[in-house]
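The values are calculated or read from the model by the stated rules, or taken from the named source; none is laboratory data. What you see is a predicted model; the values in this text were computed from it and never measured. Cβ: placed from backbone, ideal geometry, glycine included. Neighbour counts: every protein chain shown.
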Amino acid sequence: MLHQALNVKVNNVVSFVGAGGKTTAALRLMEELAGIGRQVVFTTTTRILEPIPRENEYLLLADEEEALTQVSRLLTRYPKVFLAQRRLEEVDPTALGESDRDYPMRPNKLEGVPPSLVDRLAQRLSEAVILVEADGARHRALKAPAAHEPVLPASTTILVPMADLAVLGKPLTEEHVHRPGLVAGLTGAALGQPVTVEMIATVLSHPQGGLKGLPEQARAIPILNHRAEDRPLDDARQIAHLVLQNKRIERVIIASLRAPEPVLEVITPKARVAAIVLAAGESRRFGQPKQLLPVGDKTMIQHVVDIVLDSPVEQVIVVLGCRAMEIGTSIADRPVQVVVNQEWKSGLSSSVRAGLAAVKPEVDAALFVLADQPGVTTEVIAKIIERYQETRAPIVVPTHRGQRGNPVLFDRSLFAELMRVKGDQGGRQVIAEHEDELEEVEVQTEAIFADIDTADDYQTANLQSPSFNLHPPTSNSINSLIIDLDGVLYRGDEAIVGAREFMALLQREGVPFLLLTNNSTRTPGQYVTKLGKMGIVIEESDVLTSAQATALYLERIARPEARVYAIGEEGLRAALREKYTIAEERADFVVVGMDTGLTYEKLRVATLLIRSGARFIATNPDKTLPTEEGLAPGNGASLAALEAATGVAPFVVGKPEPAIFDLALARMGVGKEGTAVIGDRLETDILGGQRAGLSTILVLSGATSRQELENSTIKPDLVFENVRQLYEIWPKS
Ligand SMILES: [Mg+2]
């Protein structure tokens, strides 16, 4: 049906211009609309032949003020009202001989109404459709508008430029074309030349042709009247595709206006839709970031993003806010555009704005997908987009058993309105304001209602995989942890938020863990005391320092009676004393750890020993040491001095070298599989974990800032603000 192809809604003003069947199209549309219970006013801003009203029709000849009061009254009794100002004496000679007319007409013409009256009527008649013949063509098949044409009401919502395909191949003369000189001017053709496909397309889509005066808000839908039903549609299709190169043209209807079914084909440009995945929320009622909950063998955000990527969308935008880094890390390998909404706390509308701002200019519509609706399928999304493609409705909403759900699609024409929404409203307000233009599409799943807001929802949705899955890309569930101390559990003498709860949780759940530090100056006993003051209760065997690791390493390579010269503090000395002779002379090993009492004498002795063949071993390579005043020299600085003096590079036990991780795994009695390193330094904790073949988790509570993470080539598997976030998502029995 024509009204469906044009997607005519109540309160629309449909203006017909051009040539080749405007009156026929308008009358046809009038019949269809009345047939579905609409009130219709058919008028003209130029002149038309006088229709002879039939049943349920009324011809009102009235001046402007009278028309305003009469039309709405008449519409309650007659669903179809013809409106003109007055009857003219002028007789159309061509009208007399027309036997193929299926609507009774008198041979005389009616003088139309001023376009301003149509605008005023459109304001008053919120329940009616107004059809306007806004151009004259003297029964020719093609025309270009003169300076005073068309007479287009500003309230036009659908502009229908028309041409009759019968003109193809006919000479560009008065006989076939109204104002052939103007057509020649628009197309560059010579008068008398046969009319081509390209010429018709140019006239219909030209801003001084078929689109002349097109109001900003109006949709343009040309109709190609194809009267010769036995002729192939190839030419018509070719014209349609040429015409659609003009972006203002929404679709082209190929019609045979007197056939029982007038619409032969509707040709639309492929709708380009951007999906905006809204994932910035805080999961307040959930108590943990639901975007990272497992769904099958993925996180929820990965699952939703993958479904969207499989759908017929042009662009995928993911809006993050709360915990943007960790959620972003989870989808870093997906070809999506991540937008961080810094204003996420101010509500959903800020995410809508952030998403819309990233939509590519050539995209026609945006589909808002909720990150907590994992049950929405590619089929549902495809169906919504398909309906949009058919109707170009400003809003398409999925329904199930008549009830509306998500995701909702908005045409670009509503982007500005969406941008103005405030607070937590989302699109609701805009939907309410466009209720009558909205298109519903019924889908076969309740998933369009089911968002995951609470733990109960999550359980009910039955999405949880058997094992908690922190690292979905490799499907490695994490079940043991190597945890760095400084910057992870504390800073200075202060515990980091969540550290106490996290450590207590690991102990309660029996998760194997080891506290691993590159600091060689303290003994495990000193760490037990330090952590104890913060309320974190551990045992000495829970700690492995680089000093201890160095001693363990020496056990593997040194004879029991080996002599060791050590630069370092109590932590290192205590670890070595148990097993080895600490000696300056004839030492087999020079072991160097952080020593705040470092002297030239110590460097001199070490240099001479290394030069005479002692093995050069270092606890850790950290070049600097953060202090309250700034960065002070770390053990790496002492190593550099010795390396310069000896030309020998040390064997480093501590992070990022794999040795200390191997020792840690041996101490814990676990394998690499399922073990993760948590640390605050990219170049030691994370790089070391990666070299050792472990999963890696960076916390931003210590030495590394977000910016540094972004700039670094070392990328951890997961990123958290602090261990509190890890605590929140860790499964609890
Ligand atoms: Mg650290």
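A few comments on the model shown:
- Residue match in region 553-560 (condition: in contact (Cβ under 8 Å) with a residue 12 or more places away in the chain and within 16 Å of the ligand (Cβ to nearest atom)): no
- Taken over region 214-261, the criterion of being among the charged types (D, E, K, R), buried (at least 18 other Cβ atoms within 10 Å of the Cβ) and under 24 Å from residue 155 (Cβ atoms) is satisfied by 219, 250, 251.
- Lone qualifier among 45, 23 - being out of contact with any Lys or Arg (no Cβ under 8 Å at 6 or more places or on another chain) and modelled with pLDDT of 95 or more: 45
- Check on residue 622, within 16 Å of the ligand (Cβ to nearest atom), of a type in the set (D, E, K, R) and part of a helix (DSSP H, G or I): no
- Flag for residue 140 being surrounded by fewer than 24 Cβ atoms within 10 Å (Cβ to Cβ), touching a residue at least 40 places away in the same chain (Cβ under 8 Å), in the same structural domain as residue 37 (by TED's automatic domain parsing) and out of contact with any strand residue (DSSP E or B) (no Cβ under 8 Å at 6 or more places or on another chain): no
- Out of 656, 650, sole residue that is within 15 Å of the ligand (Cβ to nearest atom), of a type outside the set (Val, Ile, Thr) and crowded, with 22+ Cβ neighbours inside 10 Å: 656
- Total residues in region 481-511, condition more than 10 Å from the ligand (Cβ to nearest atom) and not hydrophobic (A, V, I, L, M, F, W, C): 10
- Residue in region 425-443 that is more than 16 Å from the ligand (Cβ to nearest atom), of a type outside the set (Ser, Thr, Tyr) and modelled with pLDDT under 80 present: yes
- Counting only strands (runs of 3 or more DSSP E) that sit completely within region 229-308, those holding 2 or more residues that are within 30 Å of residue 29 (Cα to Cα) correspond to 252-255, 263-267.
- Residue count for region 631-652 satisfying the condition of being outside any helix (DSSP H, G or I), in contact (Cβ under 8 Å) with a residue 24 or more places away in the chain and not β-branched (Val, Ile, Thr): 4.
- Looking at 338, 352, just one residue is outside any helix (DSSP H, G or I) and either among the aromatic types (Phe, Trp, Tyr) or surrounded by 17 or more Cβ atoms within 10 Å (Cβ to Cβ) (or both), and that residue is 338.
- Residue check for residue 552: closer than 25 Å to residue 528 by Cα, touching a Leu at 6+ places or on another chain (Cβ under 6 Å) and either assigned to a loop (DSSP other than H, G, I, E, B) or among the aliphatic types (A, V, I, L, M) (or both): yes
- Here is the figure for region 704-717: residues that are more than 16 Å from the ligand (Cβ to nearest atom) and either in a loop (DSSP other than H, G, I, E, B) or touching a helix residue (DSSP H, G or I) at 6+ places or on another chain (Cβ under 6 Å) (or both) total 3.
- Within region 673-691, considering residues that are touching a residue at least 40 places away in the same chain (Cβ under 8 Å) and in a helix (DSSP H, G or I), the one farthest from residue 707 (Cα to Cα): 689
- Matching residues, region 718-729, being under 28 Å from the mean Cα position of the chain (by Cα) and away from the ligand (no atom under 16 Å from the Cβ): 718, 725, 728, 729
- Selected residue (criterion: farthest from residue 621 (Cα to Cα)) from residues of region 661-703 that are among the polar types (S, T, N, Q) and within 11 Å of the ligand (Cβ to nearest atom): 701
- No other residue among 523, 545 is among the β-branched types (Val, Ile, Thr) and either touching a residue at least 60 places away in the same chain (Cβ under 8 Å) or within 14 Å of the ligand (Cβ to nearest atom) (or both) apart from 545.
- Residue 504 vs. criteria at pLDDT 70 or above, over 21 Å from residue 667 (Cβ atoms) and part of a helix (DSSP H, G or I): yes
- Residue 670 touching a strand residue (DSSP E or B) at 6+ places or on another chain (Cβ under 7 Å) and in a loop (DSSP other than H, G, I, E, B): yes
- Residue in region 406-416 that is hydroxyl-bearing (Ser, Thr, Tyr), farther than 17 Å from residue 217 by Cα and assigned by TED's automatic domain parsing to the domain that holds residue 370 present: no
Residue-wise test of (1) in contact with a Lys or Arg (Cβ under 8 Å, 6 or more places away or on another chain); (2) hydroxyl-bearing (Ser, Thr, Tyr); (3) surrounded by 14 or more Cβ atoms within 10 Å (Cβ to Cβ).
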site	(1), (2), (3)
548	no, no, yes
555	yes, no, no
568	no, no, yes
571	yes, no, yes
578	no, no, no
586	yes, no, no
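- No other residue among 398, 374 is in contact with a strand residue (DSSP E or B) (Cβ under 6 Å, 6 or more places away or on another chain) and assigned to a loop (DSSP other than H, G, I, E, B) apart from 374.
- Residue within region 59-78 that is within 30 Å of residue 254 (Cβ to Cβ) and either outside the structural domain of residue 394 (by TED's automatic domain parsing) or touching a strand residue (DSSP E or B) at 6+ places or on another chain (Cβ under 9 Å) (or both) present: no
- Yes/no for residue 193 being surrounded by fewer than 19 Cβ atoms within 10 Å (Cβ to Cβ), under 21 Å from residue 16 (Cβ atoms) and either over 45 Å from the mean Cα position of the chain (by Cα) or touching a residue at least 40 places away in the same chain (Cβ under 8 Å) (or both): no
- Flag for residue 395 being surrounded by fewer than 23 Cβ atoms within 10 Å (Cβ to Cβ), farther than 30 Å from residue 8 by Cβ and modelled with pLDDT of 90 or more: no
- Members of region 355-370 found to be farther than 18 Å from residue 446 by Cβ and not in a helix (DSSP H, G or I), listed by number: 358, 359, 360, 361, 362, 363, 364, 365, 366, 367, 368
- As a summary of the residue check, residue 147 satisfies the conditions (1) within 29 Å of residue 68 (Cβ to Cβ); (2) at pLDDT below 95; (3) surrounded by fewer than 22 Cβ atoms within 10 Å (Cβ to Cβ) except for the one numbered (1).
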